[in-house]
Amino acid sequence: MSFLGGIANAISSGINAVCSLGSSICTGLYKVGTYLGGAIGRGLESLSKFIMRMPEIDIIDVIEIISIIVSEIGEILGISEDDSTEEIGFKSLQADKKPEDFDSIEQYIAYLEKEIELDKIKFKEMSQEQKLTCNAIGSIIVAKGISENKGIEVGVDFLVEAAKQKMQPREAEIYIDRFKENNLELKLSDYLKCNLPLEEVRRIDPVVKGVIKELNPMFTEEEIDTKLDDMTNKSLENE
């Protein structure tokens with residue numbers, strides 16, 4: 001029996017039981033995370049905690065930017081080719097199989113895209129909150145596929161930070177690749193918020209400045225520092 005009916009009711013119950021958009025989405029993410037389990041479940045629970053702390057005005061933008069970033073990177077890597085993140089998220093609620101039934105997240109995504117037929121009527125009838133929830137679910141699923149492909153954990157903290165910085169997909173991918181090349185965990189957000197030990201800051205600092213220079217070849221050292229200050233200020237907004 002599909003999980004769709006039960007989880008859709010759970011999301012709807014959360015939407016009806018609370019007033020805020022963030023709380024509504026978090027109810028769905030938490031329940032789906034508990035159902036799917038594993039790395040995806042942990043990612044959904046982590047995203048729900050970030051969303052709960054966000055001003056409501058930012059939630060839609062953050063989810064949509066994360067979706068754009070992971071969709072384009074996922075398509076380039078051949079991880080997700082046919083469905084949008086919203087469709088992938090919705091199909092994960094229709095499917096009988098879970099990520100644990102596959103050897104990789106990429107295989108799980110291929111199963112959702114190729115073997116699960118979208119219930120177009122229910123998909124079309126979703127509320128805004130349900131659409132955002134499914135988009136967030138699909139984004140985390142694809143992000144975990146990117147993590148496997150790249151060999152570095154592309155965590156929720158990085159995705160939220162990339163959204164706050166309004167990164168383009170290629171920009172986000174360069175950060176992922178350069179951190180990987182330098183054997184660093186993808187702690188861009190902690191770096192910008194000054195939440196890391198000095199030794200770790202010293203290792204990350206030239207990598208971040210190098211990416212800024214790579215993206216802006218004509219920047220002087222002063223302009224790089226100004227850009228970094230701007231990124232720090234954006235990272236700390238509403239914290």
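The values are calculated or read from the model by the stated rules, or taken from the named source; none is laboratory data. If you're wondering where the values come from, they're calculated on a predicted model, not measured in any experiment. Please note: Cβ atoms are built from the backbone with ideal geometry, for glycine as well, and neighbour counts cover all protein chains shown. All accessible areas refer to the heavy atoms of the entire protein, side chains included, with ligands and DNA or RNA removed. Shrake-Rupley method; radii C 1.70, N 1.55, O 1.52, S 1.80 Å.
Along the Cα→Cβ direction, 7 angstrom out, place labels at MET218 and PHE123. What is the inter-label distance in nm?
The answer from the label model is 4.4 nm.
Give the average over all directions of the projected area of the C-alpha convex hull of segment 139-183, one decimal, in nm².
2.9 nm²
In segment 180-238, what percent of the accessible surface is made up of carbon and sulfur (1.4 Å probe, ligands and nucleic acids excluded)?
Within segment 180-238, the accessible surface is 47 percent carbon and sulfur.
How high is the relative contact order of segment 145-239? Use alpha-carbon pairs under 8 Å, at least six apart in sequence, and give a whole percent.
RCO, segment 145-239: 31 percent.
Pairs of alpha-carbon atoms within less than 8 angstrom and 6+ residues apart define the contacts here; what relative contact order does the chain have, in percent?
Here the relative contact order equals 20 percent.
Could you go through segment 112-121 in sequence order and give the Karplus-derived ³J(HN,Hα) for each residue, using 6.51 cos²θ - 1.76 cosθ + 1.60 with θ = phi - 60°, rounded to whole Hz, and x for Gly and Pro?
Residue by residue, segment 112-121 yields 5, 6, 9, 10, 9, 7, 5, 7, 5, 5 Hz.
Which label marks the calculated value of percent of Cα pairs over 23 Å apart, given the options [x] 60; [y] 44; [z] 48?
[z]
Quickly estimate the mean residue ellipticity at 222 nm for the chain, helices only: each DSSP H run with n ≥ 4 gives -39500 (n - 2.57), and the total goes over all residues, rounded to 500. Show your work: numbers first, answer last.
Details: 13 runs with 178 residues, N = 239.
Calculated mean residue ellipticity at 222 nm is -24000 deg cm²/dmol.
If you count, for each residue, the other Cβ atoms within 10 Å and average over each peptide, how do 25-33, 37-45 line up from highest to lowest?
Highest mean packing first, the order is 25-33, 37-45.
How big is the dipole moment of the chain about its Cα centre under a simple scheme where the beta carbon of each Lys and Arg is +1, that of each Asp and Glu is -1, and everything else is neutral? Debye, nearest 20, please.
My answer is approximately 560 debye.
If one takes the longest principal axis of the Cα atoms in the chain, at what angle in degrees, from 0 to 90 and to the nearest 10, does the Cα axis of helix 85-94 lie?
With both axes taken from Cα atoms, the answer is about 40 degrees.
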